[in-house]
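A short worksheet on the structure shown next.
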Amino acid sequence: MVALDGVDLDVASGQVHGLVGPNGAGKTTLLGLLLGLAVADSGRLEILGTTVGRTLAVPDGVSGFVDGPGLYPSLTARQNLSALAALRGHETGQAARVGEALEQVGLTDVADDRLRGFSLGMRQRLGLAAALLTEPRLLVLDEPANGLDPAGKHHVHRVITGLAAAGTAVVLSSHRMDDLAALCSEVTLLATGRVVFSGPVGKLAAESGELDYRVRTSDPAEAHRVALETPGLQVKSDRDPAERPDTDVLVVRGPVPVLDDLVVRLVRADVAVRELAPVVSPLEAAFLAMTGQTDEENK
């Protein structure tokens, strides 16, 4: 079984690079290589200017977590970080460094609470704090937004963007396309261990092609009629809203100029457009198209 095949990844200082792909695509294996948790049987791996051989050792300046942070449930957040700092030989200034890391991820108020009472999102934030203890030049994160509430997401995003602005290279995996769009300048899409796409996030979004759009209007039946008469527009709804009064959503597909034409025609027909939005984001649509997945397969 080949976990990764022909993967070529170049991450610059100050760049946030996203990894995305279906389960089993090789994302965790690749992150494990960067953290020294796995060994490649061929190829060349260079981290922070140092070539990494066939060992589990990685250069100083690399930190992060894969498959969730390894923490001690019986210890408090502060005790967990203090123990990790001691294990890494950072005795000097330990208390200040721990306090700063907790503040960065927004866990100061629960610093002396035991980890067993933490939610998944709080554990993820503590894992990020642990990774920050070494002031890494390369930060590797596996699903850092997993389980986060809006406040936690804000803290994590702020930390990651701040680190990148200061010159830290960040590699993260995520199933959340909104996180990739918000954080990453570059993204690599993996499928069955191979690179399907690698480049700017905007370029990946452009690969989505025509999208399905959700249209809500003041008059669904009239909107359905107008849509059917709009050249180049495909109406995805299977029944006329007049036959189903409870259905006020029209789903259509077409290029942006055709959608513009639809809006003009609706306004002329005295139909107010209340919503016009993609059913899925361009990034998600590109992901599904390039990995050969369909909406039905992902339900």
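The values are calculated or read from the model by the stated rules, or taken from the named source; none is laboratory data. Just so you know, these numbers come straight off a predicted model, no measurement behind them. Don't worry about glycine lacking a Cβ; one is built from the backbone with ideal geometry, like all the others, and counts go over all protein chains shown.
Tallying residues that are touching a Pro at 6+ places or on another chain (Cβ under 7 Å) and small (Gly, Ala, Ser) within region 121-176 yields 2. For region 143-155, the count of residues that are assigned to a helix (DSSP H, G or I), farther than 21 Å from Leu81 by Cβ and of a type in the set (A, V, I, L, M) is zero.
The rows are residues; the columns are (1) without any contact (Cβ under 8 Å) to a residue 60 or more places away in the chain; (2) over 8 Å from the mean Cα position of the chain (by Cα).
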| site | (1), (2) |
| --- | --- |
| Ala151 | yes, yes |
| Thr161 | no, yes |
| Gly167 | no, yes |
| Met177 | no, no |
| Thr188 | no, yes |
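The condition of being surrounded by fewer than 21 Cβ atoms within 10 Å (Cβ to Cβ) and either of a type outside the set (A, V, I, L, M, F, W, C) or farther than 22 Å from Leu33 by Cβ (or both) holds for only one of Gly68, Gly64, that being Gly68.
If I ask for residues that are assigned to a helix (DSSP H, G or I) and out of contact with any Ser or Thr (no Cβ under 9 Å at 6 or more places or on another chain), which ones from region 210-225 would you list?
Kept after step one, since they are assigned to a helix (DSSP H, G or I), are these residues of region 210-225: 220-225.
Scanning region 210-225 gives Ala221, Glu222, Arg225.
Among the residues of region 75-128, which ones are surrounded by 15 or more Cβ atoms within 10 Å (Cβ to Cβ), within 22 Å of the chain's Cα centre (by Cα), assigned to a loop (DSSP other than H, G, I, E, B) and not hydrophobic (A, V, I, L, M, F, W, C)? Hit for region 75-128 is Gly106, nothing else.
Screening Ser74, Ser82 for residues that are at pLDDT 90 or above, closer than 22 Å to Gly147 by Cβ and among the hydroxyl-bearing types (Ser, Thr, Tyr) leaves exactly one candidate, Ser74.
Given the options Asp248, Asp240, name the one that is outside the structural domain of Thr29 (by TED's automatic domain parsing), modelled with pLDDT under 95 and touching a strand residue (DSSP E or B) at 6+ places or on another chain (Cβ under 9 Å). Reasoning before the result, please.
Values: Asp240 fails: touching a strand residue (DSSP E or B) at 6+ places or on another chain (Cβ under 9 Å).
None of the others qualify; the one that does is Asp248.
If you check Leu126 against the conditions, is it farther than 30 Å from Val264 by Cα, in contact (Cβ under 8 Å) with a residue 40 or more places away in the chain and touching a strand residue (DSSP E or B) at 6+ places or on another chain (Cβ under 8 Å)? Quick ask: steps written out before the conclusion?
Working: farther than 30 Å from Val264 by Cα: yes; in contact (Cβ under 8 Å) with a residue 40 or more places away in the chain: yes; touching a strand residue (DSSP E or B) at 6+ places or on another chain (Cβ under 8 Å): no.
The answer is no for Leu126.
In region 16-52, what count of residues is obtained for those that are of a type outside the set (D, E, K, R) and either loosely packed, with under 14 Cβ neighbours inside 10 Å or over 18 Å from Leu190 (Cβ atoms) (or both)? Explain how you work it out, then say what you get.
Going residue by residue through region 16-52, those that are of a type outside the set (D, E, K, R) are 16-26, 28-40, 42-43, 45, 47-52.
Keeping just the survivors that are either loosely packed, with under 14 Cβ neighbours inside 10 Å or over 18 Å from Leu190 (Cβ atoms) (or both) gives 23-24, 36, 39, 42-43, 47-52.
Going through region 16-52 one residue at a time, the tally reaches 12.
Does Asp142 meet the test of being of a type in the set (D, E, K, R) and free of Cβ contacts under 8 Å to residues at least 60 places away in the same chain? Spell out the reasoning first.
Numbers: of a type in the set (D, E, K, R): yes; free of Cβ contacts under 8 Å to residues at least 60 places away in the same chain: no.
Considered against the rule, which asks whether it is of a type in the set (D, E, K, R) and free of Cβ contacts under 8 Å to residues at least 60 places away in the same chain, Asp142 comes out as no.
Among the residues of region 193-209, not a single one is in contact with a Lys or Arg (Cβ under 6 Å, 6 or more places away or on another chain) and part of a helix (DSSP H, G or I). Note on region 52-65: residues that are in a strand (DSSP E or B) and at pLDDT 75 or above amount to 4. Of the residues screened, Ala205 is one that is modelled with pLDDT under 95 and surrounded by 14 or more Cβ atoms within 10 Å (Cβ to Cβ).
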